[in-house]
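Right, one structure below, let's go through it.
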Amino acid sequence: QLQASGGGLVQAGGSLRLSCAASGRTFSMHRMGWFRRAPGKEREFVAAISWSAGSTYYADSVKGRFTISRDNAKNTVYLQMNSLKPEDTAVYHCAAGPTGSGSYYQDGNYDYWGQGTLVTVSS
């Protein structure tokens, strides 16, 4: 089970930190990712991190503003979001997938999904 938290309402330019806690099993050997779905839009990739945290990946739209990290001892992955923009408004989901299962950017390469947390950025 994956449970995302930390969403909320923030003004443009503000920051939020999302957390994704795993329970029931360990995901320390899995890739972890964040995806988001804005109202009326398709789900899109946001960020991902390898099992060792040695590699990170970002969508161009969030590069330089968002940072993904993980704490395998706590079975938790984080998404620090700075300089938020209204277009970042979406439901954010965390996901886990097997290491070595292809592109980090494709949602089809993730097997486990958590319930989302809503992020609303006001202008």
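Secondary structure note: in the chain, about 90% of the DSSP beta bridges are antiparallel.
In terms of its C-alpha gyration tensor, region 25-64 comes out oblate, because a/c is 1.5 or above while a/b does not outweigh b/c. Largest GNM mean-square fluctuation across A53, A73, A95, computed for the chain with C-alpha springs under 10 Å, falls on A73.
Highest mobility in the GNM of the chain, judged by mean-square fluctuation with C-alpha springs under 10 Å and restricted to Y57, Y78, Y92, is found for Y57. For Y104, no residue whose modelled amide H falls within less than 5 Å of its own remains once neighbours fewer than 5 places apart on the same chain are excluded. The GNM of the chain, with springs linking C-alpha atoms under 10 angstrom apart, assigns the highest mean-square fluctuation among G24, G14, G33 to G24. Element breakdown for the chain at a 1.4 angstrom probe: carbon and sulfur atoms account for 48% of the accessible area.
The values are calculated or read from the model by the stated rules, or taken from the named source; none is laboratory data. As the structure is a computational prediction, the values presented were derived from the model and not from experiment. Side chains included, ligands, DNA and RNA excluded: accessible areas come from the protein's heavy atoms. Shrake-Rupley method; radii C 1.70, N 1.55, O 1.52, S 1.80 Å.
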